[in-house]
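The structure appears right after this line, and notes come after that.
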Amino acid sequence: MNAAPGRAPRQRVRFLPAPAPGGGGAVELVAARVPVLADHPLVRGPRFKKLKIGAGHRLDVKASGVFVLGIGHGNKLLTDLYNCHLTKVYIVGGRFGKATDDFSDTGNLVEKTTFDHITREKLERILAVIQGTNQKALLMYSNIDMKTQEAYELAVKGLIRPMGKSPPIITAVRCLQFALPEFQLEIHCLHETQQYLRKMVHEIGLELKSSAVCTQVRRIRDGIFTVDDALPRTQWNLQSIQEAIRNCQLKVETELEKTLGHGENSPLHQLDGDTDERALQERP
């Protein structure tokens, strides 16, 4: 932001000496507009010295993908989005045949096992069991009577989810690729950590009478945000960030109103079309 073009210095009127029209060395005072030196960058220093930035759902050092940040007023929305308990989606890679102490392919090797007996059908049966078990947990922690009209309406809107603390819950899982010893899963989950997903890969290997390590954890969706909304490192500049804020404003507002019933009191309504400019305005 400090590298962006700043506003022009203020002008003020001063009376400066100038040669009189008659000549002869006479001097008179003439009104002139001159810039205020206090506004010069070398005098004023950096325009922005502090900017409040908040982090959403974290990614550990071995994971990648969508990472949501809040800037300025956006920090107020991070808590609201957290309370929506939205599903996150990961692409998780695995490799059969070995186990490590931290369940990743870079950990210390614990054992090697055979894996030739594993087929895609066997893997998908294990995934179906995992999903079925977690669906029961989802209903239990949602605290909703499934025989009521409320449950039906929430199911239609896709809002059946735990609205409080709960253990990690896998809402959906499927196999995307299978080519021994490698495999790749798509996992939809709530309240997870990336380490929990690595441990899940390890346990899948055990269920298949083998072992497995996690080779990749990449988050492709965090609630309403997808990789299409994310800014790659080459676009970490003021213009791209402002545009991203504008593009995401409507979808954030819609989700908060649908899930939490926020209306005019939502922090998002405090922002107008110049949200990003107001959030980044100069402070005394």
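The values are calculated or read from the model by the stated rules, or taken from the named source; none is laboratory data. Fair warning: this is a prediction, and the values are worked out from it, not measured in the lab. For neighbour counting, all protein chains shown are included, and Cβ atoms are generated from backbone atoms with ideal geometry for every residue, glycine included. For the accessible areas, the whole protein counts, side chains as well, though only heavy atoms, and no ligand, DNA or RNA atoms are used. Shrake-Rupley method; radii C 1.70, N 1.55, O 1.52, S 1.80 Å.
Of note:
- Computed extension gain for R120 through L180, at 0.36 nm per residue and net of the alpha carbon distance, reaches 20.7 nm.
- With a cut-off of 20 Å on the backbone N, the residues of segment 71-96 near the modelled label site 7 Å out from T193 along Cα-Cβ are 82-83, 85-93.
- Among the trypsin sites (Lys or Arg not before Pro) within segment 1-103, those in coil by DSSP and having at most 11 neighbouring Cβ atoms inside 10 Å are R7, R10, K49, K50, K52, R58.
- Among E257, E153, E28, the largest mean-square fluctuation in a Gaussian network model of the chain, built with springs joining Cα atoms closer than 10 Å, belongs to E28.
- Bridge type composition, the chain - antiparallel percent by DSSP, nearest 5: 95 percent
- Here the Gaussian network model covers the chain, with springs between Cα atoms less than 10 Å apart; of G164, G74, G45, G45 fluctuates the most.
- For Rg and Dmax of the Cα atoms in Å, the value computed from the atomic coordinates appears in the list (1) 28.8, 109; (2) 20.6, 79; (3) 22.5, 75 under label (1).
- Structure remark: mean-square fluctuation, Gaussian network model of the chain, C-alpha springs under 10 Å; the largest value among C248, C84, C214 belongs to C248.
- Sparsely packed chymotrypsin sites (Phe, Trp or Tyr not before Pro) within segment 1-93, loop by DSSP, other Cβ within 10 Å at most 12: F48
- Heavy-atom accessible surface of segment 1-83: percent carbon and sulfur, 1.4 Å: 60 percent
- Accessible area per residue for segment 1-155 is 67 Å², calculated with a 1.4 Å probe on protein heavy atoms, without ligands, DNA or RNA.
- Listed pairs K112/K136; K165/K258; K88/K258 exceeding 23 Å between Cα atoms: K112/K136
- Net lengthening on full extension, A172/T79 (0.36 nm per residue, minus Cα-Cα): 31.0 nm
- Among the protein heavy atoms of segment 127-256, carbon and sulfur supply 53% of the accessible surface, probe 1.4 Å, non-protein parts ignored.
- Over the residues of the chain, the helix contribution to mean residue ellipticity at 222 nm works out to -9500 deg cm²/dmol, using -39500 (n - 2.57) for each DSSP H run of at least 4.
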